[in-house]
Amino acid sequence: MRVFLATTNPGKLRELKRGLAPLGWTFVTPDELPYTPPEETGMSFEDNALLKAAAAAQQTGLPALADDSGLEVDALGGEPGVYSARYGGFKRDVERNLYLLERLKGVPPEKRTARFVAVLVLAYPDGHVEVYRGETEGRILEAPRGHLGFGYDPLFFVPEAGRTFAEMLPDEKARYSHRGKAIRALLEAWKHGPPPREIKPME
Ligand code: ITT
């Protein structure tokens with residue numbers, strides 16, 4: 001199956017291609033086929049993933065997979081959440097990381113709990129969708145650690161691993177990460193081929 005990967009984020013693209021490799025799909029990316037991402041107007045990761053996947057499936061005529069993800073920090077009432085990619089209005093990862101540290105100044109370690117969430121939506125041109133979700137609990141450090149990964153990885157400490165995402169090689173990050181979990185949910189659903197489509201009873 002040819003599947004359009006509807007993301008412009010190189011870090012996500014890498015992780016999705018690697019994690020979904022067992023399916024044997026042929027991936028088509030935005031640098032191969034024109035794709036104009038829609039405005040992310042949703043209030044939840046699900047809403048935004050649906051918007052992106054549906055727009056991509058319409059524009060390309062291919063089944064399209066979108067990933068909407070982000071960081072929810074408890075001490076900030078769930079911020080940055082769906083605004084993770086534009087937190088503080090900053091364009092670069094390092095600037096957003098500094099801004100997050102600034103917002104958490106004075107918050108003690110035990111109150112710096114947070115989770116990463118990823119929602120994957122596979123949308124077909126006929127409107128059918130599949131939705132998969134993964135979450136990982138962790139803590140925001142007071143200074144970055146590690147140089148691997150992308151985004152908020154250097155600040156996100158995973159207690160059960162004893163490391164930040166940025167200190168993990170790709171396979172280890174995938175084992176613990178929100179995206180890795182969402183990908184495994186998809187792989188499980190696709191274990192015997194395309195999952196059966198639910199027939200909705202008439203209202
Ligand atoms: P697309 O919409 O084109 O996929 P995006 O980066 O704008 O790319 P989102 O709107 O879903 O995607 O924003 C997610 C942001 O959350 C992302 O830019 C990172 O800052 C952060 N994020 C998500 N997953 C992450 C991960 O595994 N590690 C670090 N940061 C992550």
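Laboratory data are not the source of any read-out in this text; all were calculated from the coordinates shown. Bear in mind the structure is a predicted one, so any value in this text is a computation, not a measurement. Reconstructed Cβ throughout: ideal geometry from the backbone, glycine too, with neighbour counts over all protein chains shown.
Points worth noting:
- On the basis of the beta-carbon distance and an R0 of 30 Å, LYS17 and ARG86 show a calculated FRET efficiency of 0.75.
- Taking 0.36 nm per residue of sequence separation and removing the Cα-Cα distance, the PHE27/GLU172 pair yields an extension gain of 49.9 nm.
- Vicinal HN-Hα couplings computed from phi for the stretch 34-39 (Karplus, 6.51 cos²θ - 1.76 cosθ + 1.60; Hz; Gly/Pro x): x, 8, 9, x, x, 5
- Packing rank of 87-98, 65-76, where each peptide gets the mean count of other beta carbons within 10 Å, highest leading: 65-76, 87-98
- Proximal lysines to LYS17, defined as alpha-carbon separation beneath 16 angstrom and excluding residues fewer than eight positions away on the same chain: LYS173, LYS181
- Its DSSP H runs of at least 4 residues, each contributing -39,500 (n - 2.57), put the calculated 222 nm mean residue ellipticity of the chain at -8500 deg cm²/dmol, to the nearest 500.
- Amide H within-cut-off set for GLY78, under 5 Å, with H built and near neighbours excluded: VAL73
- For ASN9 and ILE199, a Förster radius of 30 Å and the Cβ-Cβ distance give a FRET efficiency of 0.30, rounded to the nearest 0.05.
- Pairwise label distance in nanometres, HIS192 with MET43, each label 7 Å out on the Cα-Cβ vector: 3.9 nm
- Modelled this way, with points 7 Å down the Cα-to-C-beta line, the labels at ALA161 and ASP74 are 2.0 nm from one another.
- Rounded to whole Hz, the Karplus (6.51, -1.76, 1.60) HN-Hα couplings of the stretch 181-187, x for glycine and proline: 5, 5, 5, 5, 5, 5, 4
- Dipole of the chain, positive direction: furthest Cα of PHE165, ILE140, ASN97, with charges on the beta-carbon: PHE165
- Relative contact order, percent, the chain [alpha-carbon distance under 8 Å, six or more residues apart]: 18 percent
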